[in-house]
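The values are calculated or read from the model by the stated rules, or taken from the named source; none is laboratory data. Since the structure is predicted, the reported quantities are computational estimates derived from the model, not experimental observations. Glycine also receives a Cβ, built like all others from the backbone with ideal geometry; neighbour counts cover every protein chain displayed. Remember, those area values only see protein heavy atoms, side chains included, never the ligands or the DNA or RNA. Shrake-Rupley method; radii C 1.70, N 1.55, O 1.52, S 1.80 Å.
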Amino acid sequence: METDKAVFEVEAPEAGTILKIFYKEGDDVPVLNTIALIGQPEEKIDHLIPKKTVAVPKEEYLEKQKALTPDKSLIKTKPSFGDGLIPISPVARRLAEKKGINFSQLIGSGPGGRIIKKDVEKALSEGETLISSTVSKEFFGPVKEIPVEGVRKIIAERMLTSLQSTAQLTLNTSADASNLLACRKSLKSGSQMKRLRKININDFLLYVVANILPKFKNMNAHFLKDKILEFEQVHLGFAVDSPRGLMVPIIHNAHLLSLEEISQEARRLSTACQEETILPDELTGGTFTVTNLGTMGIETFTPILNIPQVAILGIGSISLKPIMKEDKIQFIPHLSLSLTFDHRAVDGAPAAKFLQELAIAIAKFELKNI
């Protein structure tokens, strides 16, 4: 059973034989609906079969929807110009062929029903699926159709909802990463702290963020329609690229954990996402999210809010930055930071202040201070 959060195995609650299965693999099943009946062979089950539980196959559903949809030709028809003759201006024809539009499906708005350039542009802007079969075969080549379902469908819906329902703004800066790199080198080479050798730069950053957020409760918050919820505790989410797609496990009460504990919990949750054993409770309740693409060489990007959270921090790569020190230009390693926040909940100045304080905390990070 796959939900928008995780994958589960459902064990049979009783011994017996499966007598009836009401849904096929891949069907969307409403919560609490009966999916199967278990009993003894030859047992009568007619009285147990719910009347409306069998899922309608997608093809049958689409056929019914098509039958219920009025034929556009009954509403607005194209004038006839004889066999194979489609009046279209040369400019419109070139644009349609360039964009792969089957202009025979368009209704012209020019003189005598002639298709003009703005008709093709309108079709493109409305996203109409008018790609001709000849163009798709000759121009596009082999095409693999991938159904948008499961976690991919959930991600698509949530990303779109996030962008459409919030006032997102991204601020970019960088932080001196010299101390982070020095601390990482110290842990890797230190013989007295073998258990800490697995701690990485991302763990340092999660620790710093978790400890600075209590000072900025306006960033550790949710924006609801008519209210803002500011949290005392930090439940820190971090993005994980899993086989099922993007997942955001939560380090609960991260502000109370040591660096080592945050590292261990982040590693445990990340492994659970990769192995598809993550639990729903470990994917819910976040108050702030961190996403790191710096390990892939991405210098800066625009993270999308994990609503209803009001902010998300993007971590970019570490690169050398020319800095004037003691009348000389020195190249200092700097870490890229991108903060996206909901401008409905937080103004630009407070968000900038948070990012500034975070950059200072990163620059001053030392193992002896943790």
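Some observations on this one:
- Note on residue 281 and residue 182: with the Förster distance fixed at 51 Å, the Cβ-Cβ geometry gives a FRET efficiency of about 0.85.
- Legend: distances between Cα atoms for 188/364; 20/153; 194/353; pairs beyond 27 Å are 20/153; 194/353.
- Per residue, the convex hull volume that the Cα atoms of the range 287-370 enclose (Å³): 128 Å³
- Note on residue 330 and residue 114: the model spin-label points, each 7 Å out from Cα along the C-beta direction, lie 7.2 nm apart.
- Candidate residues 46, 241, 342: accessible-area rank, largest first, probe 1.4 Å: 46, 241, 342
- From phi via Karplus (6.51, -1.76, 1.60), per-residue ³J(HN,Hα) for the range 295-307 in Hz, x at Gly/Pro: 5, 9, x, 6, 7, 8, 7, 10, x, 9, 4, 9, 4
- Rg in Å to one decimal, and Dmax rounded to a whole Å, for the range 238-291 via C-alpha atoms: 10.6, 31
- Close amide H partners of residue 337, meaning residues 5 or more places away or on another chain with modelled amide H under 5 Å apart, are 173, 174, 175, 316.
- Straightening the chain between residue 299 and residue 258 buys 11.9 nm, computed as 0.36 nm per residue apart minus the Cα-Cα spacing.
- When the residues 43, 145 are ordered by accessible surface, computed with a 1.4 Å probe over the protein chains alone, the sequence from largest down reads 145, 43.
- Sequence-ordered 3J(HN,Hα) estimates for the range 239-253 from the Karplus curve with 6.51, -1.76 and 1.60 and θ = phi - 60° stand at 6, 10, 8, 10, x, 8, x, 5, 10, 10, x, 10, 8, 6, 6 Hz, glycine and proline given as x.
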